[in-house]
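Asks: One structure follows; several queries about it will come next.
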Amino acid sequence: MIFGDLMSWAEERNAFPPVLQKALEYIKNTELVQLTAGKYEIDGDDLFAVVQEISTVVKSERRAECHSKYIDVQYLISGDEEIIGFARESRENVIVENELETKDYALYEEINGEMDLVLYPGMFAIFFPSDLHRPGCSRNGGTNIKKVVVKVNKDLLIPN
């Protein structure tokens, strides 16, 4: 997992692989506030954005997730804050819903060693396939946020 903000992006961009640079450049150069909720193509199924307008919940009301095909670049567009629980994959974590083959997600009820990341507008987090994450949370729930998740085909990170 990597987190950062667009304020420091110019100084840090060369530390990121080209495909993650492309994802973050899309975020930086797109008027995300103007976009409605939905899917936006960047480079076919290899790189696309999903704009979400959601009401947050407390962590106990959201299951953690992981993906096998895509890396998530999650960016908070607006709202007070978003709490994202995260942890590394481990044998102790039990999948309660496995849709990795058909829909590229698996859900977990609880995750071992979970920590909280707090995003404020302008901040992003990058979750790799071995990073479990529980997005869309807040301390008390019921907070409206707008975010974009840029989905990056993991095979583009390290081509075969």
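The values are calculated or read from the model by the stated rules, or taken from the named source; none is laboratory data. Small disclaimer: the values here were computed from a predicted structure and weren't measured. Cβ sites come from the backbone with ideal geometry, for glycine too, and all protein chains shown count toward neighbours.
Asks: Please enumerate the residues belonging to the range 95-153 that are closer than 22 Å to VAL19 by Cα and either modelled with pLDDT under 95 or in a loop (DSSP other than H, G, I, E, B) (or both).
Replies: Passing the criteria: ASP104, GLY122, PHE128, PRO129, SER130.
The rows are residues; the columns are (1) in contact (Cβ under 8 Å) with a residue 12 or more places away in the chain; (2) of a type in the set (S, T, N, Q); (3) surrounded by fewer than 16 Cβ atoms within 10 Å (Cβ to Cβ).
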site: ALA15; (1), (2), (3): no, no, yes
site: LEU20; (1), (2), (3): yes, no, no
site: ILE27; (1), (2), (3): yes, no, no
site: THR36; (1), (2), (3): yes, yes, yes
site: VAL57; (1), (2), (3): yes, no, no
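Asks: Something else: Within the range 1-32, count every residue that is modelled with pLDDT of 95 or more, part of a helix (DSSP H, G or I) and more than 15 Å from LYS151 (Cα to Cα).
Replies: 3
Asks: Which ones in the range 33-72 are in a strand (DSSP E or B) and of a type in the set (Gly, Ala, Ser)?
Replies: Matches in the range 33-72: GLY38, ALA49, SER55, ALA64.
Asks: Kindly indicate whether GLY79 is modelled with pLDDT of 95 or more and on the phi > 0 side of the Ramachandran plot.
Replies: yes
Yes or no, residue by residue, for (1) out of contact with any Ser or Thr (no Cβ under 7 Å at 6 or more places or on another chain); (2) acidic (Asp, Glu); (3) surrounded by fewer than 21 Cβ atoms within 10 Å (Cβ to Cβ):
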| site | (1), (2), (3) |
| --- | --- |
| TYR70 | yes, no, no |
| ASP80 | no, yes, yes |
| ARG88 | no, no, yes |
| ILE95 | yes, no, yes |
| ILE126 | yes, no, yes |
| THR143 | no, no, yes |
| VAL150 | yes, no, no |
